[in-house]
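Notes for the one structure printed next.
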Amino acid sequence: MKKIYLRIISAALAAAVLLTGCSSRDLQYAYDDDAPSIAETFKDYFRVGAAVNSWDIADPNSNQCKTILKQYNTLVMENESKPENLHPEEDRYYFDTFDKFVDFCNENDIVARGHTLIWHSQVPGWFFKDGNEDASAELLLQRIRDHVTTIVSRYKGKVSTWDVVNEVIGDDSQLRFSDWSRIVGDYDGDGDKYDFIEEAFRAAHEADPDARLIINDYSLESSSSKAIRMYNAVKQMLSEGVPIDGVGFQMHIGNGIDYEAMKENFKIISRLREIDPDFIIEVTELDVNCYGWGEEKKDVELTKDFLEQFSKTYTDVFKLMMELSDEGILDSVVMWGLHDGVSWLNDGHQNYPMLIDKDLKLKEAYYDVLELVE
Ligand code: XIL
């Protein structure tokens, strides 16, 4: 009799699951003691981390901080280590916030990343000015050297990876036309305009020879012309002895990806190993935008199809990243944000780009990703 009751109950549950599209999984909070840990699960493949803000780590008893300590073993600051925050005026550095972040990482065995030394965005205008005129190439190169040397040497041995330059290839797959490239130009007269990039990498390497130095960019996984351009630029600089250790794939992707294209584009960059056998790739800013770029936004509905697609997108990406880890070329994966509620992609419309929801609950996709590990 008891058996029959049990069968009826489980059949009813299964029917409910089919009808509602919900699984029977008991979703846990990311900070729960008995919740799984994504960093722990993938420890034989790569570190897993997130971009955070100072307030997330200010109180060790907060659920955000507990989530960070439980789920991640590498961290980066979402905004507070960018040039406009670290170096707002020529003679004034503001180190307090980043110092605290780096100490927090070091005290908790978390690998600290530095993002970013040179970027066309979130950079104060003083870099490019000399009075009312444009700075000269010499002056800007000197400022690049001072800026990079001061910051990297302060965190020598404490920040293990730097995004030395960010987004230097434009949407047209050419070297981005920015104040950096415009003013410095082809300073050494060798026919390319990578001179501002070269100066930044050389200064960073001199300041901390053990730090891993990354050239970071977006759409490398989806645009083969951008990946090829990145390959050519890095190849050229490596041949000139510029100390670049790896390429950062930001991986701001959409829901649904062309797996084969993504694999091919990673392969293009992997070929830099023919020049430097230790060359690496990092995934630096992973998230899955629920809206297409430029698409008119209506609030997205979290239908069963949508959630399955979302889960497939994440599992596809993790599958590929595990393959890259098996090849020894990838050992660090960072998600751009702690949870859905604080993602930079929430611009007026709720977005759902992360594996953790706005209440810090683990999503179905999170568990699906973890199941990739035997
Ligand atoms: C974004 C932050 O997430 C936002 O809060 C800020 O307003 C703008 O910058 N590529 C990068 C990151 O390299 O620095 C960007 O971060 C997201 C895109």
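The values are calculated or read from the model by the stated rules, or taken from the named source; none is laboratory data. For clarity, every value in this text was computed on a predicted model and none was experimentally measured. For neighbour counting, all protein chains shown are included, and Cβ atoms are generated from backbone atoms with ideal geometry for every residue, glycine included. What goes into the accessible areas is simple: the full protein's heavy atoms, side chains included, and nothing from ligands, DNA or RNA. Shrake-Rupley method; radii C 1.70, N 1.55, O 1.52, S 1.80 Å.
Odds and ends about this structure:
- Test: residue in segment 98-117 that is within 15 Å of the ligand (Cβ to nearest atom), free of Cβ contacts under 8 Å to residues at least 60 places away in the same chain and open to solvent by 10 Å² or more (accessible area, probe 1.4 Å): no
- Residues satisfying the stated conditions in segment 309-342, i.e. of a type in the set (Gly, Ala, Ser) and open to solvent by 10 Å² or more (accessible area, probe 1.4 Å): Ser311, Ser325, Gly328, Gly341
- Whichever residue in segment 281-308 is surrounded by 16 or more Cβ atoms within 10 Å (Cβ to Cβ) and within 13 Å of the ligand (Cβ to nearest atom) and, among such residues, is farthest from Asp347 (Cα to Cα): Glu282
- Residue, nearest to the ligand (Cβ to nearest atom), within segment 1-41, restricted to residues that are modelled with pLDDT of 95 or more and out of contact with any Leu (no Cβ under 8 Å at 6 or more places or on another chain): Ala39
- Those residues of segment 118-148 which are open to solvent by less than 30 Å² (accessible area, probe 1.4 Å), over 15 Å from Arg92 (Cα atoms) and out of contact with any strand residue (DSSP E or B) (no Cβ under 7 Å at 6 or more places or on another chain), in sequence order: Ala137, Leu140, Leu141
- Residue in segment 76-88 that is closer than 24 Å to Leu362 by Cα and open to solvent by 10 Å² or more (accessible area, probe 1.4 Å) present: yes
- Residues of segment 277-303 that are of a type in the set (D, E, K, R) and farther than 24 Å from His115 by Cα: Glu295, Glu296, Lys297, Lys298, Asp299, Glu301.
- Residues of segment 250-280 classified as among the small types (Gly, Ala, Ser), on the phi < 0 side of the Ramachandran plot and away from the ligand (no atom under 16 Å from the Cβ), total: 2
- All of (1) more than 16 Å from the ligand (Cβ to nearest atom); (2) open to solvent by less than 40 Å² (accessible area, probe 1.4 Å) hold for Lys66 with one exception: (2).
- If you go through segment 309-341 and keep only what is within 15 Å of the ligand (Cβ to nearest atom) and without any contact (Cβ under 8 Å) to a residue 60 or more places away in the chain, you end up with Asp340, Gly341.
- Residue check for Glu89: touching a helix residue (DSSP H, G or I) at 6+ places or on another chain (Cβ under 8 Å), of a type outside the set (A, V, I, L, M) and within 21 Å of Ile183 (Cα to Cα): yes
- Hey, Ser136 at pLDDT 95 or above, closer than 13 Å to Asp179 by Cα and within 16 Å of the ligand (Cβ to nearest atom) or not: no
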